[in-house]
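Have a look at the structure below, then the notes.
The values are calculated or read from the model by the stated rules, or taken from the named source; none is laboratory data. Given the structure is predicted, the values throughout are model-derived calculations rather than measurements. Backbone-built Cβ (ideal geometry, glycine too); neighbour counts: all protein chains shown.
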Amino acid sequence: MIEKALKGKPAYWMWLAILGVFITIGAVCYLRQFFYGLGMTGMGRDLSWGLYISQFTFLVGVAAGGLMLVLPYYVHNYKAFGRITILGEFLAISAILMCLMFIMADIGQPLRGLNMMLYPTPNSMLFWDMVVLLGYLSLNIICGWVILTHERKQVKPPKWVYFFVYLSLPFAVSIHTVTAMLYMGLPGRHFWLTAITAPRFLASAFAAGPALIVLACLLMKRVANFDAGKEAINKVTTIIMYAAIINAFFVALEFFVGYYSQIPGHIHSLQYLFFGLEHHGEFYNNLVPFLWAFVLFCAAGLGLLAYGKIKDKLSDGLVGAACALIFLGLYLDKGLGFVLGGLVVTPLHEIVEYYPTANEIGITLGIWATGFFVLTLLYKIAIGVEHEVEG
Amino acid sequence: MDKQRRKFLKIAGATALAGVSAPAVVKLTSTPSLAASDHGAAAGHGDSHGEEQPTGIRYGMVIDMRKLYGKPELMDKAIEACHSVHNVPHFEDKKNEVKWIWKMPFENVFPDHSVYYSAKIKEENEYFALCNHCDHPPCVRVCPTKATFKMEATGIVAMDYHRCIGCRFCMMGCPYGARSFNWFDAKPNIKKYNPDFSARTRGVVEKCNFCAERLPLGKEPACVEALKDTGAIVFGDLNDPHSELRKILDKEPTIQRKPTLGTKPSIFYIV
């Protein structure tokens, strides 16, 4: 099937070439970091996780988001998703690959990475995160590939593969739950020390992941003659709306706990993220525009979808704009705000703001480009098979 | 032919997978690998403020700030003693700092304590901050490779610099900001290299080790030794009721950093 990825229109090769440029930039930046040290990043003693870990956290959510397509199709036998479940599985594969690359970019001694397996440590949530991420990656590779090869031969997939399909459902939930547990169980990090982190992660994941898939579907409809079907897109947008609203509800609850209890530790991060924090005469508000953009983007995306659904005018343009807004909004919330907001007040009660360096951003873009490169190849194969079966 | 190749690939893949995961499975099943299993288990459940049962040695420290007020040069002496013995590099930029023991204002070292209407002496002076060598160390709990661990014989929270992968999860777990990461190569920034103690490689985390390398030689921790004539820092066994440390603790009211977190620090302060 791999040969499907080797034939394409000029636009396809152009796209891959553009991604290739970013991958090259990322690789060069990474080599610099590898030989010079993590000091090339904007991270420091008092703010020791940054862009890499926040991207990792967001992308785990994107990977888990595929569940919203797989579950209705396999558990509820919702046939309209038949053409797009494979997109969910392949998105999960590329998202987890990005996650693993971000982890490797973040650790100070990447060559010792295997110590995680040589000295397995069950009391560390990072150990379990590795277990579920590798598990979910394998499950998606197995399920996606087996089901696609059988679709191509137009025979039913073997029974055993359904075991892995159903196993992948709890795994999807577990990857994001365990990722939330990396944060939730740390004493002294007030912003993260809340049980709602995990459900909030899941809610935003179930909006952001499907939103990206809808965007991909709309794009492929234009460039690759692939139609996911109106009913499917309609249903996915409903799922996105519910998930985004639940996420907003959880964020509102965080505000209530902080500002009603008036406990400083619970207020500080929210205050910093949304309004700016004053400390010893200095005013810190780097992330305020991003977090209000999150609020506005999500509200606008939800508004657009609601308008389209009520008036029954869900055009591709409207759905695309709404999904892009929601995806971007949730990225700003979880891909920036959550990690950096939680770190702004250090355990020694100083305020430390974070400025990523150019090298760090180069690596980040390179990893994103690598992920989209893999995603493009996988989607090209999936669509090639569908065309072959139908044509 | 094609079928054979497929079969070979399948077997090769399965073997590789088994090879990679085998050590993990073997280790998990063969050893009681909960690194965080603590000797404090005897102390009972849920009581985060209660005292430990005396089991073995548990090193601790009391810092008598009364003897250091108005004498920041004494504190610098102790810091310098520690950092030179342990080859702690000096970086000008606060971002890249590596430090094992340092001084900071009261509100930073004790952020949970009220600073309303506080005594002038508290505002005018700085306080020592260092690793608390907690009885329930969160850093040990979160480390994915057991590179940081509690020495059962002494209660010291130690580091294996050769196993650390540099994920900095321990720095997230530590509620005291006690840990530093080697963002750059340390060697060019070590003023005078002490050949008796290794320098750390780039990309690993380090922190105060309670001078675990000096204790077996019958020496006290470097900071204690540096302030010996003032008696500002007393080091000893918290589980030994006859130790000088315990005698001070029995007599003087002390405070600890962030006691509500249940980490049970081994450092006590008289302020």
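Quick notes on this structure:
- Filter result (surrounded by 18 or more Cβ atoms within 10 Å (Cβ to Cβ) and part of a helix (DSSP H, G or I)) within the range A:17-42: A:L19, A:F22, A:I23, A:G26, A:C29, A:Y30, A:Q33, A:L38, A:G39, A:M40
- Residue count, the range A:261-280 (criterion: in contact (Cβ under 8 Å) with a residue 12 or more places away in the chain, within 18 Å of B:V115 (Cβ to Cβ) and either buried (at least 17 other Cβ atoms within 10 Å of the Cβ) or in contact with a Phe, Trp or Tyr (Cβ under 7 Å, 6 or more places away or on another chain) (or both)): 3
- Contact map, the range A:340-368: first residue within 14 Å of chain B (Cβ to nearest Cβ), second residue basic (K, R) and in a loop (DSSP other than H, G, I, E, B), Cβ cut-off under 7 Å, separation 6 or more or different chains; pairs are A:G342/A:R189.
- Count of the range B:147-165 residues which are surrounded by 21 or more Cβ atoms within 10 Å (Cβ to Cβ) and either in a helix (DSSP H, G or I) or in contact with a Lys or Arg (Cβ under 9 Å, 6 or more places away or on another chain) (or both): 8
- Applying the set (1) closer than 29 Å to B:L68 by Cβ; (2) more than 10 Å from every other protein chain (Cβ to nearest Cβ); (3) touching a residue at least 60 places away in the same chain (Cβ under 8 Å); (4) among the basic types (K, R) to B:K95 leaves exactly one unmet item: (2).
A quick yes/no check of all residues on (1) in a helix (DSSP H, G or I); (2) under 26 Å from B:L68 (Cα atoms):
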| site | (1), (2) |
| --- | --- |
| B:S198 | no, no |
| B:P216 | yes, no |
| B:C223 | yes, yes |
| B:T230 | no, yes |
| B:L245 | yes, yes |
| B:I248 | yes, yes |
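- Just one of the listed residues (A:D46, A:D106) is under 30 Å from B:A186 (Cβ atoms), at pLDDT below 95 and over 15 Å from the mean Cα position of the chain (by Cα), namely A:D46.
Conditions tested, residue by residue: (1) basic (K, R); (2) crowded, with 18+ Cβ neighbours inside 10 Å; (3) away from chain A (no Cβ under 14 Å).
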residue: B:Y176; (1), (2), (3): no, yes, no
residue: B:C211; (1), (2), (3): no, yes, yes
residue: B:R214; (1), (2), (3): yes, yes, yes
residue: B:E225; (1), (2), (3): no, no, yes
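- Qualifying position, being in contact (Cβ under 8 Å) with a residue 60 or more places away in the chain, farther than 20 Å from A:F327 by Cβ, out of contact with any Lys or Arg (no Cβ under 8 Å at 6 or more places or on another chain) and part of a helix (DSSP H, G or I), among A:A63, A:A11, A:A5: A:A11
- Selection from the range B:132-146 of residues that are closer than 25 Å to A:L111 by Cβ and part of a loop (DSSP other than H, G, I, E, B): B:C143, B:P144, B:T145, B:K146
- Single condition A:Y259 does not satisfy, out of (1) assigned to a helix (DSSP H, G or I); (2) closer than 27 Å to A:I175 by Cβ; (3) not acidic (D, E): (2)
- Top-ranked residue in the range A:43-55 [being closer than 18 Å to B:G203 by Cβ, out of contact with any Pro (no Cβ under 6 Å at 6 or more places or on another chain) and part of a helix (DSSP H, G or I); ranked as nearest to the other protein chains (Cβ to nearest Cβ)]: A:I53
- Residue check, A:L137 more than 14 Å from chain B (Cβ to nearest Cβ) and of a type in the set (A, V, I, L, M, F, W, C): no
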